[in-house]
1. Spin-label point model (7 Å from Cα, Cβ direction): what's the ARG242 to THR76 distance in nm?
2. Run the simple label-point estimate for ILE101 and GLU160 please: 7 Å along Cα→C-beta, distance reported in nm.
3. On full extension of the chain, what length is gained from LYS211 through VAL112, given 0.36 nm per residue of separation minus the C-alpha to C-alpha distance?
4. As an exercise, use a Förster radius of 25 Å and the Cβ-Cβ distance of LYS256 and LYS128 to find the FRET efficiency, rounded to the nearest 0.05.
5. Please go through the residue pairs LYS128/LYS175; LYS197/LYS221; LYS177/LYS197 and name each one whose alpha carbons sit more than 23 Å apart in this structure.
6. Can you pull the one-decimal nm distance between simple spin-label points at ARG49 and SER90, each 7 Å off the Cα toward Cβ?
7. Using a cut-off of 10 Å between beta-carbons, work out the net charge of the residues near ASP73 (Lys and Arg +1, Asp and Glu -1, ASP73 not included).
Amino acid sequence: MNCARDMGSRGMQTRAVSVLFLLCSSLAALCQPTPQQFGSEGNIYSTSRPPLSADQVARKLQEKNAQRAAALDQFTSTRIYHVQYRGFPSDRDAQMVVEVIYRAPNSKQFRVLSQSGSRFVIDHVLKKLLDSEQEAANEENRAHTALTTENYDFTLAGYENTPNGPEYILNLLPKTKNKFLYRGKIWVDATDFAVVKIDGEPAKNPSLWIKNTAVKHTYIKVDDFWLPAENHTESTIRLGGRAILSIEYRNYKITKAAPLYGLGKSREDLK
């Protein structure tokens, strides 16, 4: 009887961690140098009249992203991955610090600097997340997951004057139910036409075991390039638990890049 109970408990535990892996895998696409609950598509965040339409902003975003991607040859950074699971059959935590070397167009070299917590989560979630990111980084997958008019419909939700400069807010509606696409809102810097923040949920539920998922991504400007600053994904599990995956991006160093022209002044110049 005890053996049967132990086997059943391990089975449920494996399912719970498998859910975390599915969740992490769906995040991999937006970990490229490339959402809290959000309101209805008709929400307006500001009464300021936007200078450009949603279609114009989306096309400029696509154009500038392509320019930045073509100019960025190489960078290094440090990431801190943290997984927290609370629920049946037991709580789990794990953390991993990773050094990343990016080389254009899609090469990433990972070196684990430290790891702590649940060995099972480290081996079956965090390390496999790195493998999934490599898969998502290939040219075909990047094309299918990029913030482009081929993958998304964009509508205008608002226009904000923030302390860091004006930002467009666009509703993001995926054209296909792809687990690597997102439904929600994006905030776009009105000078550089770069994504500042993403707020939403996966276009397709990555698993029947997951009840709902909220995703937040923020980006930071490093020299001329906008790179991920923090990713936060929180899921409610149908078994009654909650899983949180967070990634902090630190210590960016642009080691090789071509000069960028025509991208506008930096936010510091606007202050």
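1. Between ARG242 and THR76, the simple spin-label model gives 3.8 nm.
2. It is 3.8 nm.
3. The LYS211-VAL112 span can extend by a further 32.5 nm.
4. It comes out at approximately 0.25.
5. Beyond 23 Å: LYS128/LYS175.
6. If labels sit at ARG49 and SER90, their model points lie 6.4 nm apart.
7. Numbers: positive: ARG103, LYS256; negative: none.
Value of the local net charge: +2.
Readers should treat all values here as calculations from the given coordinates under stated rules, not as data from a laboratory. Remember, predicted model here, so these are calculated numbers, not experimental data. Using ideal geometry, Cβ is built from the backbone for each residue, glycine included, and neighbour counts are taken over all protein chains shown.
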